[in-house]
Amino acid sequence: MKKLLLSVALLGFSTISMAADLSESCKTYFDKLDSFMKAIPKQQSDMIKQSVELAKQQISSLSADNQVPACRQGMDFLQQAEANLFKK
């Protein structure tokens, strides 16, 4: 269920227009997302890896103005996923 939440959140991004540069907020989000992927069990990361890569491509193709809210939303979902997966 938790891995499904992250997959659905990542797939929720859509492409609007092309952008050459990645915003700072998206660079931070991608770094945290990569760290998250390394922290979860390999079986789970393998199952959502394709969705994560697709989401990164879609976000990267957005204009700078659209990247910021998309990455902010992704960061919110990532924080929720981390809170749910790494509860003590």
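The values are calculated or read from the model by the stated rules, or taken from the named source; none is laboratory data. Small disclaimer: the values here were computed from a predicted structure and weren't measured. Every residue, glycine among them, receives a Cβ derived from its backbone with ideal geometry; neighbour counts consider all protein chains shown.
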Would you confirm, using the coordinates I've provided, whether S7 is modelled with pLDDT under 90, surrounded by 11 or more Cβ atoms within 10 Å (Cβ to Cβ) and either under 11 Å from the mean Cα position of the chain (by Cα) or farther than 16 Å from M75 by Cα (or both)?
yes
Cβ contacts < 9 Å: first residue closer than 22 Å to L62 by Cα, restricted to segment 72-88; second residue outside any helix (DSSP H, G or I), any location; separation 6+ or different chain. Result?
Q73/G12; Q73/F13; G74/G12; G74/F13; F77/G12
Check on S45, hydroxyl-bearing (S, T, Y) and at pLDDT below 90
yes
